[in-house]
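Please treat every number below as a calculation from the coordinates, not as lab data. The shown structure was predicted, so the numbers you read here are calculated from the model rather than taken from an experiment. Methodologically, a virtual Cβ is constructed for each residue, glycine included, from the backbone with ideal geometry; neighbour enumeration extends over all protein chains shown.
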Amino acid sequence: MASSASRAVFRSLGPAAWSIRPAAASLKSRSTPLLRRGFATPTAEQPRIRLGSIAPNFTAKTTHGDINFHSFIDNSWAILFSHPADFTPVCTTELGAFAKLKDEFEKRGVKMIGLSANDLQSHDRWIEDINDISKTKLQFPIIADADRKVAWLYDMVDAQDLTNIDEKGIAFTIRSVFVIDPAKKVRLTMMYPASTGRNTSEVLRVIDSLQTGDKKGVTTPIDWQVGDDVIVPPTVSTPDAQKKFQDVREIRPYLRFTSGEMKALA
Ligand code: BEZ
């Protein structure tokens with residue numbers, strides 16, 4: 001039974017949160033095991049998404065029409081970020097911020113796609129609100145994942161159950177970020193709690209690091225930003241690094257920095 005304090009928290013989430021609850025209740029009250037109906041259950045293992053694995057393909061309805069996820073990615077990078085429900089406050093600020101960064105993602109060749117566990121009608125109304133609140137024009141598709149099939153496939157559902165409703169009646173999950181490369185490999189996963197808004201600068205920073213690493217065969221140190229020195233990875237010997245880069249600074253045999261400026265090919 002929810003305490004009055006938790007009911008107050010729930011009420012403070014507004015109409016969206018209230019609309020989560022009946023859906024969850026109806027899922028819970030069904031007598032047929034969810035697994036047999038094609039939904040995942042708390043007893044079934046959620047697939048695990050590991051770095052380097054191929055991003056699972058799926059078809060879905062989105063605010064831009066039906067998609068096949070791999071065809072959507074095509075030969076680009078992609079970022080998939082998810083939300084447990086429309087009209088949730090933290091998520092609203094996040095989507096507004098991502099929408100404003102369209103040009104930054106485009107510059108890096110990254111296609112953006114959101115997901116929220118509600119239907120298309122609700123998404124369309126939420127997007128209007130996001131645009132109004134954040135003074136932006138959200139232009140990427142948002143997947144309608146009301147049955148949480150994609151959320152399950154991508155290991156976004158929290159430890160509690162498929163419905164994602166905790167004892168206070170609040171959805172506390174489906175807040176993941178995936179960066180996928182043009183070979184459809186998962187290169188980054190991040191999972192955020194409901195209480196903490198994501199950091200768009202960090203997402204762009206990781207994409208910069210991954211793309212720099214792929215291009216130059218380097219890794220990047222703590223708090224790295226574009227233009228900072230990079231690291232010669234352990235798989236490259238110092239003599240080989242010296243042949244490849246204009247400068248190599250050895251702090252320890254296992255820690256070598258370089259500006260990343262390549263030598264001209266002889
Ligand atoms: C949010 O503020 O975005 C949020 C609230 C409750 C559950 C999940 C997300």
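A few points about this structure:
- Of all DSSP beta bridges in region 61-169, antiparallel share, percent nearest 5: 25
- Cα-based shape type of region 72-194, given that a ≥ b ≥ c are square roots of the gyration tensor eigenvalues and the cut on a/c is 1.5: oblate
- When each of the peptides 111-121, 210-220, 244-254 is scored by how many other beta carbons lie within 10 Å of its residues on average, the order from highest to lowest is 111-121, 210-220, 244-254.
- log10 of Debye I(q)/I(0), alpha-carbon scatterers only, for region 177-266 at 0.15 Å⁻¹: -0.65
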